[in-house]
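Scroll down for the structure; my scribbles are underneath it.
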Amino acid sequence: MRRITMANHVHYSVNIHQINDEARAKLKEMFGRIRTDNNYRWFSDIFVEGDLTYEETEKYAWTTEHIGPKWCYFEDFDADEKEPFFNGEAAWSAPETGLEKLLTILTEYDPNIITSICYEDEMPNFIGVSVYEGDEMYDGFEDEYEELRDRVIASSETLTEESWNEDEDEWVDEDAEDTFRDEMWEVINDSQWELVSECVDQIKADQAERESTVGC
């Protein structure tokens, strides 16, 4: 059994915004493979099928090739919600490779599936979001700390460019740093979901237009 070693935790949240019944049934089947007799519910468990065993998916080489991070687990998941979801923690990076592997399977049942992943490092050293149409990334961004800092300053009614001392590479005072910390997570959430909402609406509109022109 793999063991978690010290690493920056990256929280991630995956939401499926559009999915047909066949793909939902497949996802529910895959969630059913997750073992519940240990402390962690590993992302890799959902891929155990046929000749691929739990023991194989626990190996470092398999996890890094097929999931991305050296370990990744689910905290919560549900295929029965109107918009199925799963979320959890990973080491050092978001499990985008694992998500793309999952979407490759689900698009066999629903090529029009729409999915998003939002993630943030615990510090945070970085944050990000990606939106997928089928198994192809439609749009996304990743901010490192400096870009996140600028994003918060730009949206703040209190902070300004002068609140950050470029020469000393630090906030000018504790009040500025406290304000940044107070406002940071709301800005992260708003910026991620603004992109998700815009992309999902546009993808659905594009799909509807394509469908309306079929046979014309």
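The values are calculated or read from the model by the stated rules, or taken from the named source; none is laboratory data. What you see is a predicted model; the values in this text were computed from it and never measured. Counting neighbours? That spans all protein chains shown, and the Cβs are built from the backbone with ideal geometry, glycine included. For the accessible areas, the whole protein counts, side chains as well, though only heavy atoms, and no ligand, DNA or RNA atoms are used. Shrake-Rupley method; radii C 1.70, N 1.55, O 1.52, S 1.80 Å.
Which members of segment 185-216 meet the condition of being among the aliphatic types (A, V, I, L, M) and in a helix (DSSP H, G or I)? Once the filter is applied, which keeps residues that are among the aliphatic types (A, V, I, L, M) and in a helix (DSSP H, G or I), segment 185-216 yields V187, I188, L195, V196, V200, I203, A205, A208. On the stretch given as segment 50-82, residues that are touching a Phe, Trp or Tyr at 6+ places or on another chain (Cβ under 9 Å) and under 16 Å from N38 (Cβ atoms) total 10.
Taking the listed residues V172, V152, V187, the one that is open to solvent by 30 Å² or more (accessible area, probe 1.4 Å) and among the aliphatic types (A, V, I, L, M) is V172, with no other qualifying. Could you please tell me which pairs satisfy a Cβ distance under 7 Å, a separation of 6+ or placement on different chains, a first residue in segment 61-78 that is without any contact (Cβ under 8 Å) to a residue 24 or more places away in the chain and on the phi > 0 side of the Ramachandran plot, and a second residue that is of a type in the set (K, R) and surrounded by 21 or more Cβ atoms within 10 Å (Cβ to Cβ)? From segment 61-78, no pairs qualify.
If I go through segment 79-91 residue by residue, how many of them are touching a residue at least 24 places away in the same chain (Cβ under 8 Å) and open to solvent by 10 Å² or more (accessible area, probe 1.4 Å)?
Step one: list which residues in segment 79-91 are touching a residue at least 24 places away in the same chain (Cβ under 8 Å), which gives 79-80, 83-91.
Okay, now just the ones that are also open to solvent by 10 Å² or more (accessible area, probe 1.4 Å), so 80, 83, 85, 87, 89.
Qualifying residue count, segment 79-91: 5.
What do you reckon, is E209 at pLDDT 95 or above, more than 24 Å from D121 (Cα to Cα), surrounded by fewer than 17 Cβ atoms within 10 Å (Cβ to Cβ) and more than 20 Å from the chain's Cα centre (by Cα)? Taking the combined requirement at face value, the residue does not satisfy it. Among residues of segment 92-103 that are closer than 13 Å to Y132 by Cβ, those with a Cβ under 7 angstrom from a residue that is among the polar types (S, T, N, Q), sequence gap 6+ or separate chain, pair up as E96/S130; L103/T115. Taking T36, is it outside any strand (DSSP E or B), without any contact (Cβ under 8 Å) to a residue 24 or more places away in the chain and either touching a Lys or Arg at 6+ places or on another chain (Cβ under 9 Å) or of a type in the set (A, V, I, L, M) (or both)? Criteria not met by T36. Please go through segment 116-147 and give me each residue that is modelled with pLDDT of 95 or more and hydrophobic (A, V, I, L, M, F, W, C), ordered by number. Once the filter is applied, which keeps residues that are modelled with pLDDT of 95 or more and hydrophobic (A, V, I, L, M, F, W, C), segment 116-147 yields I117, C118, F126, I127, V129, V131, M137, F141. In this structure, is G50 on the phi > 0 side of the Ramachandran plot and loosely packed, with under 14 Cβ neighbours inside 10 Å? When the stated conditions are applied, G50 passes them. Among residues belonging to segment 101-121 that are of a type in the set (V, I, T) and within 14 Å of S13 (Cβ to Cβ), point out the one that is surrounded by the most Cβ atoms within 10 Å (Cβ to Cβ). If we take residues in segment 101-121 being of a type in the set (V, I, T) and within 14 Å of S13 (Cβ to Cβ), then T115 is surrounded by the most Cβ atoms within 10 Å (Cβ to Cβ). Looking at D45, D51, just one residue is part of a loop (DSSP other than H, G, I, E, B) and either touching a helix residue (DSSP H, G or I) at 6+ places or on another chain (Cβ under 6 Å) or farther than 24 Å from D201 by Cα (or both), and that residue is D51.
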